[in-house]
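Report on the following structure.
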Ligand SMILES: [Zn+2]
């Protein structure tokens with residue numbers, strides 16, 4: 001299987017978090033900030049999509065009907081519409097930001113704001129991290145950066161779609177005897193930076209025993225029950241999510257080795 005596109009733009013850990021001044025955000029942004037829930041991504045009308053890649057053309061013409069065919073072949077997805085076309089995805093934003101200052105200091109938020117120093121002064125840059133999945137074994141994460149919040153969100157969702165990958169799920173097998181694919185097939189460990197996330201199979205009804213932001217990832221991947229362990233000191237949400245994703249990817253790579 002081909003290597004997935006790396007999350008190339010990493011947030012600089014040294015940048016300061018800063019309060020997003022309300023005047024930077026228009027009404028739509030504010031509404032968006034208050035209303036971050038898992039939501040259906042509207043499917044673009046298929047007729048309006050004019051594929052630019054051969055893969056896109058094969059998908060639109062109906063030659064390829066199953067996303068697994070693409071993922072197994074290792075062909076790179078360069079058009080997000082391919083994913084829209086073949087999967088019914090939902091998206092969510094990971095709260096990678098944190099507000100500082102007199103209003104709601106320390107509150108988690110979807111946008112991470114960093115200041116770029118230029119000759120003209122400080123220029124704010126917004127970044128967002130999205131997770132996209134079909135709640136049925138397909139999941140991707142993406143990171144986007146922009147001068148404004150909404151383009152950063154859109155970029156992160158687009159990248160998450162291009163990074164979509166297939167994971168394996170199973171019944172835990174112990175304390176459980178159902179036929180459902182509700183947990184990870186075996187213990188998997190993922191790494192990112194200094195963080196390690198271990199996902200452990202759990203029986204039906206356990207729920208997701210894991211950090212809140214990782215619940216979003218597992219839920220969209222279609223995992224309902226899991227135990228977990230997390231190691232590492234510098235627990236940035238960004239690396240936590242990346243480590244979780246890395247663990248999920250191992251559900252298939254270890255299967256392939258058998
Ligand atoms: Zn079960």
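None of the figures in this text is laboratory data; all of them are computed from the coordinates on show. Remember, it's a predicted structure, so these values are computed and weren't measured experimentally. We place every Cβ from the backbone using ideal geometry, glycine too, and count neighbours over all the protein chains shown.
Is it the case that residue 207 is within 14 Å of the ligand (Cβ to nearest atom) and at positive phi?
Taking the combined requirement at face value, the residue satisfies it.
Residues of region 201-214 being surrounded by 17 or more Cβ atoms within 10 Å (Cβ to Cβ) and without any contact (Cβ under 8 Å) to a residue 40 or more places away in the chain, which ones?
If the condition is that a residue be surrounded by 17 or more Cβ atoms within 10 Å (Cβ to Cβ) and without any contact (Cβ under 8 Å) to a residue 40 or more places away in the chain, then 201, 202, 203, 206, 208, 210, 211, 214 are the ones that fit.
Give the residues of region 161-171 that are within 16 Å of the ligand (Cβ to nearest atom) and in contact (Cβ under 8 Å) with a residue 60 or more places away in the chain, sorted by residue number.
168, 169
Which of (1) more than 9 Å from the ligand (Cβ to nearest atom); (2) surrounded by 18 or more Cβ atoms within 10 Å (Cβ to Cβ) does residue 187 not meet, given it meets every other one?
So the condition that residue 187 fails would be (2).
Identify, from the list 248, 218, the residue that is within 16 Å of the ligand (Cβ to nearest atom) and closer than 22 Å to residue 173 by Cα.
Just one listed residue meets the conditions, 218.
To keep it simple, each residue is scored yes or no on (1) touching a helix residue (DSSP H, G or I) at 6+ places or on another chain (Cβ under 7 Å); (2) assigned to a helix (DSSP H, G or I); (3) closer than 22 Å to residue 93 by Cβ.
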site	(1), (2), (3)
178	no, no, no
204	no, no, no
214	yes, yes, yes
224	no, no, yes
248	yes, yes, yes
252	no, yes, no
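For residue 120, work out the one condition from (1) away from the ligand (no atom under 16 Å from the Cβ); (2) in contact with a strand residue (DSSP E or B) (Cβ under 9 Å, 6 or more places away or on another chain) it doesn't fulfil.
So the condition that residue 120 fails would be (2).
Are any of the residues in region 151-161 over 13 Å from the mean Cα position of the chain (by Cα), more than 17 Å from residue 236 (Cβ to Cβ) and surrounded by 16 or more Cβ atoms within 10 Å (Cβ to Cβ)?
The answer is yes; a qualifying residue exists.
The rows are residues; the columns are (1) under 15 Å from the mean Cα position of the chain (by Cα); (2) under 15 Å from residue 136 (Cα atoms).
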position: 181; (1), (2): no, yes
position: 199; (1), (2): no, no
position: 203; (1), (2): no, no
position: 220; (1), (2): yes, yes
position: 226; (1), (2): no, no
position: 229; (1), (2): no, no
position: 232; (1), (2): no, no
position: 239; (1), (2): yes, no
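Give me the pairs, please: first residue somewhere in region 172-191 and touching a residue at least 24 places away in the same chain (Cβ under 8 Å), second residue anywhere and in a loop (DSSP other than H, G, I, E, B) and surrounded by fewer than 17 Cβ atoms within 10 Å (Cβ to Cβ), beta-carbon distance under 7 Å, and either six or more positions apart or on two chains.
These pairs meet every condition: 176/204; 178/204; 182/204.
Of the residues that make up region 130-151, is at least one out of contact with any helix residue (DSSP H, G or I) (no Cβ under 8 Å at 6 or more places or on another chain) and closer than 17 Å to residue 251 by Cβ?
yes
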